[in-house]
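**Q** Here's a structure for you.
Derivation of every value follows stated rules applied to the coordinates shown; laboratory data play no part. If you're wondering where the values come from, they're calculated on a predicted model, not measured in any experiment. No Cβ is skipped: glycine too gets one built from the backbone with ideal geometry, and neighbour counts run over all protein chains shown.
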């Protein structure tokens, strides 16, 4: 087992991150997330959110820049960094022919978790996510919500310090979405760090400690909802009005660079 | 010209456009710029096949219409027809189970019977067209050497396509009604593969048991079979006579086949929607429980990956059947092996390369499943394991499965001849490793359910895998007699692998 660095004040530090496909997808991105923070990354389609998260998760190599996760250089020591990270995408990452329990034990095996500990954690997670009655059924008959909950349980089985989620609530019904949100809140309460992209601005508004707005591969604004309102040139007390919502703030902030361009 | 909306012609235009685009996408692997290369490749293949046809049927184009000729034509047509039935059954099963535009059609106010009728007719057309590239060179040579009468063979192919589709439709619907939607999905594919393989394997088995050779020709030219064949005026020869251009048999065969297809369309088209709706509900219908704790034991990440690959393969009967179907072709060599025990070692000389070839092909399929067919690639890629360990675990899973299947056969050869067993073991290992390497070099992310399409996603990988397996099989065949001479096919196989490596895509893989 690799040596894991002790917790640091910053769960994630990104400097000068660049990724080009046909055009720049991520362009000199600077981003810092504190340990224990719930950070929501929002932005229009094609802004570079998923590309950024995939580079953090080690699924994509950046063209330039640095990524440090829990103080570990994720580009120089990817295996060590992956030990403390979990990745959840909008597409459930499961195997149809495995049961949730087998899936969790398999994931635990990949992360080198002791079998006894893995079995105990699996039981807790399955209970927590209301999957216990289906623990020994193959995932092939599961709905999208159940699949996503199995994926989330897999992400938590090795108790990661940093959980990276790309649109985890897409396609979930209200009940499943609520359970996922509860689990994520609980993780931050116990010291975990969440970095999540979402198109549902209400989720970002209600759950995130800080929100980053990304457009054209760059972070154009960042802070609490109040701070973002200030940056958007709005009144700090406009929360009572409809115009003070994150949606209004987001649209104002995203529109400004577009108009400038 | 656009037909009136909702008519059968309009549906036919719609269907043929979809089929054409699907075929184009399949043949070019979704890259239109490949179309020119593919066209050149197809032309080269057709030209090459004409040379092969010239050598095989050229001398027989003017053969007398006797029992031997009729028997050869009938057997060849029967072989092709079995393959066509198999192909049609696969197409029909896909049409039943693919959700695609079903909701749109059934929710629209048009008469869906017309569309489903057209869809079945399109399957018949597709089945016929699939047979043509292989049959046409032979028919062309027969026409060139034996005269226009052989044009009748094209008529026979069309009739066979229609009859094969009607029969396949009947078989699939019968399975559907007897076993239900869930079982039919799997069984129809297995039955299709069995039908496709059964005839050729059956002929080989009979040839081995009767004449001690794997060659079908020995059986077809035997006096016993000719004596058992019906008289020259029998109606059983009509398909063969149709191929020879005799008008009455040709008309009768065409009329019967189209009548069969028309009946099948009339009976099945009104029920097609119901079948498809029932089939569409299969995915969420039942629950399969698995109580075993496959990962409970302490496993290294590599061990967990290896175990996962084996479990997934074992639990997917469709994939298992697709993969192990290649093992059907091992029945004749196994039979040769059994017969070879009380004779000399000549049989083994034939068995060893067949085993090597089969191992290469099996490993290719398994390697695709393990390396490219990963349903949770992000999960594996984000695990704290070095990429080389992940790959090694997957390769171990593949080679382990191949070893498990071929070990008993090699053990049986050891009893007859340790030298042949050594050659077989080495050949199987090398061919399996080579096919795995090809799949590794050409790896691309795909769902396991796309297994059937793996061969069109990279034609180069398919050819490299096939030629490598052939090369190692030839090496094993020659090595049984002389190690030094075996170097020549071995070098060729290595050249194939080297070329495959050089042209393989350098994808930006993280692991």
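**Q** By how many nm would the segment from residue B:55 to residue B:501 lengthen if fully extended, with 0.36 nm per residue of separation less the alpha-carbon distance?
**A** 157.2 nm
**Q** Still on this model: Kindly state, to the nearest 0.05, the FRET efficiency for residue B:198 paired with residue A:91, given R0 = 35 Å and r defined as their beta-carbon distance. Before the final figure, lay out each step's value.
**A** Working: r = 40 Å, r/R0 = 1.15.
Once the sixth-power term is evaluated, E becomes 0.30.
**Q** Could I ask something else about it? Give the relative contact order (percent, whole number) for the stretch A:30-143; include only Cα pairs under 8 Å separated by 6+ residues.
**A** Working: 80 pairs, mean separation 21.9, N = 114.
Computed value for the stretch A:30-143: 19 percent relative contact order.
**Q** Along Cα→Cβ, 7 Å out, is where each label goes; now give me the distance between the ones at residue B:314 and residue B:34 in nm to one decimal.
**A** 3.6
**Q** Enter the mean number of other protein chain beta carbons within 10 Å of the beta carbon of each residue in A:98-106, as an integer. Walk me through the intermediate numbers first.
**A** Numbers: counts 9, 7, 0, 6, 9, 4, 1, 8, 11.
Average per residue, whole number: 6.
**Q** Same structure again: Can you give the FRET efficiency for residue A:28 and residue B:485, using 1/(1 + (r/R0)^6), R0 = 60 Å, r = Cβ-Cβ distance, to the nearest 0.05? Working shown, then result.
**A** Values: r = 63 Å, r/R0 = 1.05.
My answer for the efficiency is 0.45.
**Q** Can you tell me the FRET efficiency between residue B:445 and residue A:132 if r is taken as the Cβ-Cβ distance and R0 is 30 Å, rounded to the nearest 0.05?
**A** With R0 = 30 Å, the Cβ-Cβ based efficiency is 0.40.
**Q** Sort B:477-489, A:219-231 by the packing proxy (mean of other Cβ within 10 Å over each peptide's residues), most packed first. Before the final figure, lay out the partial values.
**A** Details: B:477-489: 15.9, A:219-231: 17.8.
Packing proxy ranking, top to bottom: A:219-231, B:477-489.
**Q** Between residue A:143 and residue A:199, what is the label-to-label distance in nm when each label sits 7 Å out along the Cα-to-Cβ direction?
**A** That separation, rounded to one decimal, is 2.0 nm.
**Q** Ok, one more. What does the average come to when, for each residue of peptide A:132-140, you count the partner chain Cβ atoms lying within 10 Å of its Cβ? Could you put the intermediate results ahead of the total?
**A** On the way: counts 0, 0, 2, 1, 7, 5, 6, 2, 7.
Counting other chains' Cβ atoms within 10 Å and averaging over A:132-140 gives 3.
**Q** Let me ask something else. Cut-off is 10 Å between beta-carbons; in what order do A:151, B:224, A:50 appear when sorted fewest neighbours first? Before the final figure, lay out the partial values.
**A** Details: A:151 29, B:224 10, A:50 21.
With the fewest neighbours first, A:151, B:224, A:50 line up as B:224, A:50, A:151.
**Q** So if each residue of separation counts as 0.36 nm, and I subtract the Cα-Cα distance between residue B:182 and residue B:414, what length gain in nm does that give?
**A** Numbers: separation 232, 0.36 × 232 = 83.52 nm, distance 4.32 nm.
Answer, rounded to one decimal: 79.2 nm.
**Q** Which order results if B:10, A:111 are arranged by neighbouring Cβ count within 10 Å, fewest first?
**A** So the residues, fewest neighbours to most, are B:10, A:111.
**Q** Compute the Cα gyration tensor for chain A, then decide on rounded, prolate or oblate, letting a ≥ b ≥ c be the square roots of its eigenvalues: rounded whenever a/c is under 1.5, prolate when a/b is larger than b/c in the other cases, and oblate in all that remain.
**A** Working: a/c = 1.93, a/b = 1.44, b/c = 1.34.
In terms of gyration-tensor shape, prolate.
**Q** Hey, got the average number of other protein chain Cβ atoms within 10 angstrom for residues in B:258-267?
**A** Numbers: counts 0, 0, 0, 0, 0, 0, 0, 0, 0, 0.
Mean partner shielding for this stretch: 0.
**Q** Listing A:54, B:315, A:161 from the residue with the fewest other Cβ atoms within 10 Å to the one with the most, what is the order?
**A** Working: A:54 24, B:315 18, A:161 21.
Listing A:54, B:315, A:161 from fewest to most nearby Cβ atoms yields B:315, A:161, A:54.
**Q** Could you tell me the distance between the Cα centroids of the stretch A:66-143 and the stretch B:359-389, to the nearest Å?
**A** Rounded to whole Å, the Cα centres lie 18 Å apart.
**Q** Expressed as an acute angle from 0 to 90° and rounded to the nearest 10, what is the orientation of the C-alpha long axis of helix A:100-110 relative to the principal long axis of chain A?
**A** So the helix axis and the longest Cα principal axis differ by about 80 degrees.
**Q** Follow-up. Between residue B:463 and residue B:235, how many nm apart are label points set 7 Å from Cα along the C-beta direction?
**A** According to this spin-label approximation, the distance is 4.8 nm.
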